[in-house]
Amino acid sequence: MDDLLNRTRAAVWHPCTQMKQLEAAPPLAIARGEGPWLIGPDGRRYLDAISSWWVNLFGHCNPRINAAITDQLGKIEHVMLAGATHEPVVELSERLAQLIGLGHAFYGSDGASATEIALKMSAHFWRNTGQAEKHGFISLKNGYHGETVGALSVTDIPLFKSTYAPLLRHTVQVPTPDARLAEPGETAEAYALRCAEALEAHLAVHAAETAAFIVEPLVQGATGMAMYHPAYLKRVRELCTRYQVHLIADEIAVGFGRTGTMFACEQAAIRPDFICLSKGITGGYLALSAVLTTDEVYAAFYGDATARGFLHSHSYTGNPLACRAALAVLDIFEHDNVIAANRVRSIEFTHILAELAAHHRVRHFRHVGMVWAFDVADAAPGFSARFHQAALAQGVFIRPIGNTVYAMPPYVTSAEEMRGLADAMLICLDQPDV
Ligand SMILES: Cc1ncc(COP(=O)(O)O)c(C=O)c1O
């Protein structure tokens, strides 16, 4: 195992990592997975409490997803999607359109490529409809939409963004409806609506130069699971329609059941102009993202002039293996009635976490669907790394964001496994040096 850790340090540049820190805290070597468990070469088991960066839905090495990919491997592994098509990409596009009420799925690979696609498509739509000056973007304070240059421009997390500021285009951030920021006595809903007023004030002046407002519906994940009231989405939908600005729902993290409905926008009964999907779309198996939009947007690109079309591409767009994994995921949602089952699971797991919620170090315990989070009141610098290490010793793979600890387990996690997770988190919180 030491040999693998030495080799990874020598050969791999790990993501979102100051590599020197791996000297003191080497990455966890994983040899295989089984349901919600990650298993090391030494056979030690770790509960994957954060679904491997929020991508895994139905456990590692899921037999049904494995079978779909294996079957597809015997047919065609990949064919370029410009000038060719195939059954898995067509069926996936049809089924996503039916679920979401938007269509013409355009595929990318990772989440950030979906953000790029939605931003470019929005600005290009306005250009194609004679309003080329509408190319500005608005996003939420503390929002996260990925880290390629365009996506980072609408992201608002200084640690990831500041260094690259000279490379980025100017965008505008409006106040976040994060319920923790409500005034004493103010409800989450009232606060959310107050934040929407700030968006309206901006749109009233700048709509003519604005293409789109991009938002993470209900949960701002990467900033530390900031949750907010769905009234915000309802209101900003109205505002975007009134001021003729696109609403882009970045459901990359929250889509596919994470917030308790298949898509988070459903809780506000709204339809965005664009939806960005990735992460759970393949159950955490293969890199795939998709952007779906309205018929109106699609029609504005349709015509005789080549340059009017959306001339964007990625080599692996619509990869058949990834599409088959995604179709297997949709089958599991349907056959196992996952959304209804998760409703029960979510209530049960929240009960299991009650002792944790009442712990004297815990503040702002919050929960929506299959996401639970809390802030640790007296977290000293380095808390996240110490908690991570302490949890590993308890057989749990979890990575706090700053002083926020969160759990986003695969949907196949049992009540007993959740109890184990709650106990492990309590043990970590009770350690004076964590
Ligand atoms: C809301 C949101 N958008 C976009 C992204 C970027 O996705 P990726 O890391 O696959 O590029 C993430 C990743 O965490 C995300 O949470």
Estimated 222 nm signal from helices in the chain, with DSSP H stretches of n ≥ 4 weighted -39500 (n - 2.57), rounded to 500: -11500 deg cm²/dmol
- prompt: Can you give me the pair-distance distribution of segment 275-348, C-alpha pairs, 10 Å bins, whole percents?
  reply: 16, 32, 30, 16, 5, 1
- prompt: By how many nm would the segment from L5 to H351 grow when fully extended, if each residue of separation counts as 0.36 nm and the alpha-carbon distance is taken off?
  reply: 120.7 nm
- prompt: What helices in the chain pass both tests, a Cα length along the helix axis of 18 Å or more and a mean Kyte hydropathy of 0.0 or higher, using whole DSSP H runs?
  reply: 87-100, 188-206, 320-335, 338-352, 415-429
query: Taking every eigenvalue of the Cα gyration tensor of segment 307-376, multiplying by 5 and rooting it, what semi-axes result, largest first, whole Å?
result: 39, 20, 10
query: Which of the lysines could a cross-linker bridge to K120, judged by Cα under 25 Å and excluding same-chain residues fewer than eight apart?
result: K134, K141, K161, K234, K279
statement: On each of the three principal axes the extent of the alpha-carbon atoms of segment 364-434, given in whole Å and largest first, is 33, 24, 16
- line: By the mean-Cβ-within-10 Å protection proxy, highest first, 85-95, 139-149, 5-15 rank as 139-149, 85-95, 5-15
- prompt: About its Cα centre, how strong a charge dipole does segment 299-434 have in debye, to the nearest 20, once Lys and Arg get +1 and Asp and Glu get -1 at the Cβ?
  reply: 340 debye
- prompt: Rounded to the nearest 5, what is the percent of antiparallel bridges among the DSSP beta bridges in the chain?
  reply: 65 percent
field: Formal net charge of residues neighbouring I157 (Cβ-Cβ distance under 13 Å; K, R +1; D, E -1)
entry: -1
query: segment 94-155: Rg/Rh from Cα coordinates, Kirkwood Rh?
result: 1.02
statement: Residue-normalised value, i.e. accessible area per residue, for the chain at 1.4 Å probe, in Å², stands at 44 Å²
message: Whole angstrom only: what separates the Cα centroid of segment 232-309 from the Cα centroid of segment 374-434?
response: 32 Å
query: How long, wide and thick is segment 220-306, going by the Cα atoms along their three principal axes, in whole angstroms, largest first?
result: 44, 35, 22
field: the chain - Rg (one decimal) and Dmax (whole number), Cα, Å
entry: 21.7, 68
- request: Give the Kirkwood hydrodynamic radius (Å, one decimal) of segment 132-274, defined as one over the mean of 1/r across all pairs of different Cα atoms.
  value: 15.2 Å
- line: Protection proxy (average C-beta count within 10 Å per residue), highest first, orders 180-187, 113-120, 51-58, 201-208 as 113-120, 51-58, 201-208, 180-187
statement: Here FRET efficiency (C-beta to C-beta, V344 to A208, R₀ 60 Å, nearest 0.05) is 0.80
statement: If the label point sits 7 Å along Cα→Cβ of S52, residues of segment 306-335 with amide N under 17 Å come out as 321-330
field: Computed E for E416/A84 - FRET, C-beta separation, R0 35 angstrom, nearest 0.05
entry: 0.15
message: Using a Förster radius of 25 Å, what is the FRET efficiency between R399 and A31 based on their Cβ-Cβ separation? Nearest 0.05, please.
response: 0.80
Label-to-label distance, nm, for residues given as I76 and S315 (7 Å Cα→Cβ offset): 1.9 nm
task: Could you look at segment 239-337 and say what percent of its accessible area is carbon and sulfur, using a 1.4 Å probe and all protein chains?
output: 49 percent
- request: With no solvent and one equal point scatterer placed on each C-alpha of segment 59-136, evaluate the Debye formula and give log10 I(q)/I(0) for q = 0.13, 0.24 Å⁻¹, two decimals.
  value: -0.61, -1.26
task: For every other residue with a beta carbon closer than 12 angstrom to the beta carbon of R237, add +1 if it is Lys or Arg and -1 if Asp or Glu, then tell me the sum.
output: +2
message: Considering only protein heavy atoms and a probe of 1.4 Å, how much of the accessible area of segment 16-138 is carbon and sulfur, as a whole percent?
response: 56 percent
task: Take every Cα-Cα pair in segment 1-131 and report what % of them are more than 25 Å apart.
output: 52 percent
- prompt: How big is the Rg/Rh ratio for segment 209-270, C-alpha atoms only, Rh by Kirkwood, two decimals?
  reply: 0.97
query: Given the Cα-Cα distance of R44 and A358 and 0.36 nm per residue of separation, how much length would full extension add, in nm?
result: 110.0 nm
query: So how do 159-165, 265-271, 307-313 stack up, highest first, on mean other-Cβ count within 10 Å?
result: 265-271, 307-313, 159-165
message: Using only the Cα atoms of segment 308-434, what are the Rg and Dmax in Å?
response: 18.7, 62
query: How far apart, in nm, are the 7 Å Cα→Cβ label points at Q21 and R64?
result: 3.7 nm
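The values are calculated or read from the model by the stated rules, or taken from the named source; none is laboratory data. In this text the structure is predicted, and so the values were computed from the model without any measurement. Note: ideal-geometry Cβ built from the backbone for every residue, glycine included; neighbour counts use all protein chains shown. Ligands, DNA and RNA are excluded from the accessible area calculation, which covers all protein heavy atoms including side chains. Shrake-Rupley method; radii C 1.70, N 1.55, O 1.52, S 1.80 Å.
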